[in-house]
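To start, the structure under review is shown below, and the notes come after it.
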Amino acid sequence: MEKIRIDFVSDVVCPWCAIGYKRLKQAIAETGLQDKVDIVWHPYFLNPDMPQEGENNNDYGARKYNRSLEESLLNRERITAMAKDNGLTFNLDDNTRVINTYKAHVTLEYARQLGKQTALKERLFTAFFTEKKDISKTEVLEQEMRAVGLELNDSADVFNNQDIQSYIEAEVSKWQAVGISSVPTMFFNQKLRVNGSQTIEGYKQILTEAMAH
């Protein structure tokens, strides 16, 4: 029996991507498909022009969405509660920063080549949302790569890798060309496109249909 391939387009600082993945993972477990699904993670930049130093989340909300401080707080509380309902711990506060995720996506492509991509993606979600780490920093990313068993003789091989950089640029252009303007977006068996975070039951139904085809 062929495996279900799920192409998961996301950003590592996207809360709905983390929640959607948690629900998808639960659906995979409940349908007994743990050994029958391959997930391939693809880069998407929620904030492609974010400077390397990042931006305070409240300031970002005011600038991009014209949110008041109270509205930012309510949005944060809503996302944190939704995460908790799905078994995740989001530690978001007034000091949370929106970051540049380019280097994080570089490490994920490096990890994909070595069979550790999903493990690193999970680690980065936890590092950012739960442990409040700045995963835009090279030293933090090196630490997280080692945490999932990736050996680094010279991190320059990762962060200065022209092939990986070209791959990411091509990926971003590809997803823009098919009209993806928000994440999470998933493709099941490179055919069925699913936009946004679905319920566990919704994912179970999609997985069952994917197995049948």
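The values are calculated or read from the model by the stated rules, or taken from the named source; none is laboratory data. Treat the numbers as computed from the prediction; the structure is a model and nothing was measured. Virtual Cβ from ideal backbone geometry, glycine too; neighbours counted across all protein chains shown.
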State whether the residues of the range 95-107 include one that is of a type in the set (D, E, K, R), at pLDDT 95 or above and under 14 Å from the mean Cα position of the chain (by Cα). yes
Within the range 117-162, considering residues that are of a type in the set (Phe, Trp, Tyr) and within 23 Å of residue 39 (Cβ to Cβ), the one nearest to the chain's Cα centre (by Cα): 125
Look at residue 183 and say whether it is surrounded by 15 or more Cβ atoms within 10 Å (Cβ to Cβ), in a loop (DSSP other than H, G, I, E, B) and not charged (D, E, K, R). yes
Quick check on the range 200-207. Is at least one of its residues over 15 Å from residue 6 (Cβ atoms), surrounded by fewer than 13 Cβ atoms within 10 Å (Cβ to Cβ) and either at pLDDT 95 or above or in contact with a helix residue (DSSP H, G or I) (Cβ under 9 Å, 6 or more places away or on another chain) (or both)? yes
Qualifying position, being hydroxyl-bearing (Ser, Thr, Tyr) and in contact (Cβ under 8 Å) with a residue 24 or more places away in the chain, among 136, 155, 166, 72: 136
So in the range 61-89, with the set limited to residues that are in a helix (DSSP H, G or I), closer than 24 Å to residue 22 by Cβ and hydroxyl-bearing (Ser, Thr, Tyr), which one is modelled with the lowest pLDDT? 72
Please verify whether residue 88 is out of contact with any Phe, Trp or Tyr (no Cβ under 8 Å at 6 or more places or on another chain) and among the hydrophobic types (A, V, I, L, M, F, W, C), treating the condition exactly as stated. no
Being among the charged types (D, E, K, R), modelled with pLDDT under 95 and not in a loop (DSSP other than H, G, I, E, B) narrows it down to one of 157, 163, so name that one. 157
Could you list all residues from the range 55-95 that are crowded, with 18+ Cβ neighbours inside 10 Å and either of a type in the set (Gly, Ala, Ser) or touching a Cys at 6+ places or on another chain (Cβ under 9 Å) (or both)? 61, 72, 83
The number of residues in the range 27-47 that are crowded, with 17+ Cβ neighbours inside 10 Å and in a helix (DSSP H, G or I) is 2
